[in-house]
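Just so it is clear, none of the values below were taken in a lab; they were calculated from the coordinates. Remember, predicted model here, so these are calculated numbers, not experimental data. All Cβ positions, even for glycine, are placed from backbone atoms using ideal geometry, and neighbour counts span all protein chains on display.
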Amino acid sequence: MYQLRDDEPQYALLNDKTCNEKNRYGKFIQTIEPGSQLQGVSLKINGDSGIGENPNRYKQHGFHFTADNCIGCHACEAACSEKNDNPAHIAFRSVGYIEGGTYPDFKRLNISMACNHCDDPVCLKGCPTRAYTKFAEYGAVLQDPDICFGCGYCTWVCPYNAPQLDPVKGEVSKCNMCVDRLEVGLKPACVAACLGNALNFGVIENTPENRQQAKAEIPGFPRTDITHPNIRFQQTKTLPSEMTRTDNMSLKYHKNHESTKFEPVVDKKKGIKRSWNLRKLRSREDPLVIFTLVSQAVIGAFLMMFIGKLAGIEALQQLTNSSAYLPVIFIMLAIEAFALFLSTMHLGKPHRFYRAFNNLKYSPVSREVAGIAVFFNSLGAHFLASLFDFELAQTAALFFAYAAAISGPIAVYFMYKIYRIEARPYWNHWQVLTAFFGNMLTLGGLLTAIFFVPVFVYSSQPIESLLQLVAILMSLGLLIESIGHFFHARYLNVKGREGSVSYYEQITTFGKTYLLRNCLLGLNLLAVSLLIFISLNPVISLLVWSLLAISVLVVAVTGRAMFYVMVVPTTMPGAFFWKNKGFEEHAIETGLANVVQAGVIADTH
């Protein structure tokens with residue numbers, strides 16, 4: 001257990017004498033029923049089986065932050081990092097700020113933020129390995145790095161940037177509420193270290209001494225309805241109607257005079273100049289770009305062949321009855337295996353990949369992995385059974401073909417569900433569904449043509465019927481994708497908040513790339529639609545289709561890369577040199593990241 005000092009100061013001690021029954025969200029503050037079997041369970045702190053004597057052990061606790069008092073000294077960060085032995089590039093607690101006004105009436109608001117140990121922790125539900133637990137003791141949301149395999153999904157879904165993915169260790173860790181200190185009646189280390197008496201801690205909804213407010217929001221703090229965070233604020237000083245961030249995020253906070261709340265809006269600090277920025281399309285998620293596109297293409301190609309054979313479409317029956325069918329299935333399995341390998345190596349701890357199935361009840365990541373696994377294994381079993389001619393093997397081959405045809409679209413659907421994240425408004429739209437299923441049709445048709453057109457040409461079979469079917473499938477996929485992009489752009493531009501910032505980045509930072517993607521997408525749709533009705537000379541036809549294939553692949557890869565880099569999360573504001581993506585990019589480019597004290601490190605996973 002944590003050892004108390006003889007001269008422990010009073011400000012470091014917990015002192016909740018009375019508590020409310022429910023919090024502002026209507027949830028009971030008492031975390032267990034009296035007499036529950038969970039009562040009296042040791043937290044095994046440092047291997048000690050002792051149990052703390054805190055009388056409020058089974059009540060939800062939370063932080064209270066008085067923004068008026070914070071001087072931005074970062075003592076809370078230092079105390080937290082020292083206690084948890086964090087390296088310079090990891091901080092469970094961060095101090096950022098927003099500022100506004102003009103001289104001489106200039107205002108700055110500092111915000112100190114760590115994990116808020118929410119009532120509805122989305123990190124817990126999203127984690128595929130079940131590394132998170134919401135404890136009855138203090139209502140703490142704790143994460144076990146030894147269970148984590150470093151996918152980083154919790155860092156996507158958390159609106160407050162609380163979980164920290166360490167690119168060196170390849171695992172996530174976060175604030176643990178200093179439960180070892182709570183067990184002996186001490187406040188967390190960050191609270192005890194606060195110089196300005198800005199941070200406090202106790203049973204939630206209890207207003208600390210000499211404080212008048214316990215608000216759920218202050219300017220710069222993300223929406224509370226996503227997770228119901230257990231943090232309360234006091235901020236009484238008058239602020240200008242517009243507060244800006246000092247990091248490079250194109251976001252500012254404008255006061256709604258009706259609700260008196262500060263709402264995030266676009267800050268056009270980069271102007272309206274369109275750029276290419278092709279280099280910035282590279283990101284840590286590059287393996288996911290390949291994995292999602294390849295998976296959707298393979299699933300689409302198999303569905304085209306399978307459904308075409310069932311429907312009695314002659315050109316597609318020729319495919320499945322040809323000697324090239326099984327070699328093509330083998331190649332598709334090899335391509336998908338490569339994509340799965342990239343996806344696995346994208347993890348911080350690839351050797352723990354099997355833990356992806358641990359949270360099928362809640363995590364869309366677990367469900368997507370399960371869906372892809374069922375499809376891949378069903379397709380593999382279909383291939384193996386098809387190698388034999390006897391009746392039982394052929395029956396098994398048909399069974400596994402049906403299993404692959406059913407599980408494939410389900411896997412794509414769960415792939416889409418991964419990105420319906422409230423904390424990432426750019427993704428949280430049905431356009432992701434149209435993009436994924438549109439690509440499944442477009443790339444699936446294209447993959448089928450790439451595999452079988454050479455076979456048909458080599459065996460002197462006509463390719464017109466096959467290409468016409470491929471054109472129909474691709475035109476449908478491109479149309480679905482185009483409709484989604486149109487409504488998505490309109491939604492982002494109208495909806496506001498962080499989504500509108502993504503739209504602004506889309507038309508400025510990547511403006512020329514975005515325009516090229518849209519133009520090529522429109523031209524591809526027009527070209528493939530014309531190819532349904534127009535018969536060309538075989539040589540010209542192959543030339544046109546080759547150019548179309550290149551254009552479709554360019555659009556798919558560019559669009560998917562933009563999908564990952566343009567998302568703007570609902571995170572807390574950073575500082576000029578800290579938690580600032582722009583500074584991190586500068587540090588990596590100039591070599592400053594090699595200086596440990598800079599707190600910046602290039603992703604190594």
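So how strong a dipole does the range 278-565 carry about its Cα centre when Lys and Arg Cβ are +1 and Asp and Glu Cβ are -1, to the nearest 20 debye?
Once rounded to the nearest 20, the dipole reads 1240 debye.
Under the Karplus relation 6.51 cos²θ - 1.76 cosθ + 1.60, θ = phi - 60°, what is the ordered set of whole-Hz ³J(HN,Hα) values for the range 292-306, x standing for Gly and Pro?
5, 5, 5, 4, 5, 5, 5, 4, x, 5, 5, 4, 4, 5, 5
Considering the options 265, 127, 360, tell which one lies farthest towards the positive end of the dipole of the chain, charges being +1 on Lys and Arg and -1 on Asp and Glu at the Cβ, about the Cα centre.
265
With unit charges on the beta carbons (Lys and Arg positive, Asp and Glu negative) and the dipole taken about the Cα centre of the range 278-565, which residue among 369, 396, 450 sits farthest to the positive side?
369
Using a 10 Å Cβ count of at most 11 others and DSSP loop calls, identify the longest part of the chain lacking such GluC sites (Glu not before Pro).
259-605
Please give me, ordered by residue number, the trypsin sites (Lys or Arg not before Pro) of the range 362-447 that lie in loop per DSSP and have at most 16 other Cβ atoms within 10 Å.
Passing sites in the range 362-447 are 420.
Note the full-extension length gain between residue 323 and residue 1 as 0.36 nm times their separation in residues minus their Cα-Cα distance, in nm to one decimal.
So the chain would gain 108.9 nm between residue 323 and residue 1.
Suppose R0 equals 30 Å. What FRET efficiency, 1/(1 + (r/R0)^6) with r the Cβ-Cβ distance, do residue 457 and residue 391 give to the nearest 0.05?
Computed FRET efficiency for residue 457 and residue 391: 0.30.
Report the FRET efficiency, 1/(1 + (r/R0)^6), for residue 241 and residue 589, where r is their Cβ-Cβ distance and R0 is 30 Å, rounded to 0.05.
After rounding, the FRET efficiency stands at 0.25.
Any lysines with Cα under 19 Å of the residue 417 Cα? List them, leaving off those in the same chain fewer than 8 positions away.
125, 361
For the range 108-161 and the range 1-50, what is the separation of their C-alpha centers, rounded to whole Å?
Cα centroid to Cα centroid, the span is 19 Å.
So what's the angle, to the nearest 10 degrees on a 0 to 90 scale, between helix 581-590 and the longest Cα principal axis of the chain?
Orientation of helix 581-590: about 70 degrees from the principal axis.
What are the residues whose amide H is under 5 Å from the amide H of residue 247, where those residues sit 5 or more places off or on another chain and H is modelled from the backbone?
574
Starting from the 7 Å offset along Cα-to-Cβ, what nm value, one decimal, do you get for the label separation of residue 377 and residue 284?
Label at residue 377, label at residue 284, 3.0 nm between them.
May I ask for the net charge around residue 569, where only other residues with Cβ less than 11 Å from the Cβ of residue 569 are counted and Lys, Arg are +1 while Asp, Glu are -1?
0
Work out, step by step, the length gained on full extension between residue 335 and residue 46: first 0.36 nm times the residue separation, then minus their alpha carbon distance; give nm to one decimal.
Stretched out fully, the residue 335 to residue 46 stretch lengthens by 99.4 nm.
What span do the alpha-carbon atoms of the range 278-565 cover on each of the three principal axes, reported in whole Å from largest to smallest?
60, 50, 30
Kirkwood hydrodynamic radius for the range 1-156: how many Å is it when counted over pairs of different Cα atoms?
18.7
Given just the C-alpha atoms of the range 559-605, how large is their convex hull per residue in cubic angstrom?
Normalising the Cα hull of the range 559-605 by residue number yields 102 Å³.
When the dipole is taken about the Cα centre of the chain, and only Lys, Arg (+1) and Asp, Glu (-1) are charged at their Cβ, what size is it in debye, to the nearest 20?
That gives the chain a dipole magnitude of about 1180 debye.
Please compare each pair in 27/252; 27/215; 280/581; 252/495; 44/187; 187/237 to a cut-off of 21 Å on the Cα-Cα distance and tell me which ones are over it.
27/252; 187/237
Under the rule of at least 5 residues apart or a separate chain, name every residue whose amide H is placed under 5 Å from the amide H of residue 66.
Close amide H contacts, sequence-distant or interchain: 199, 200, 234.
Which of 199, 178, 163 sits closest to the plus end of the dipole of the range 157-256, meaning its Cα is farthest towards the positive end, when Lys and Arg get +1 and Asp and Glu get -1 on the C-beta?
Going by the Cα projections, it comes out as 199.
When the Cα centres of the range 441-468 and the range 352-368 are compared, how far apart do they sit, in Å?
Using only Cα atoms to place each centre, the spacing works out to 37 Å.
What spacing in nm lies between the two simple spin-label points modelled at residue 486 and residue 464, each 7 Å away from Cα in the Cβ direction?
3.2
Read through the labelled values [x] 34.8; [y] 50.5; [z] 32.4 and report the label of the one computed as mean projected area of the Cα convex hull in nm² from the structure.
[z]
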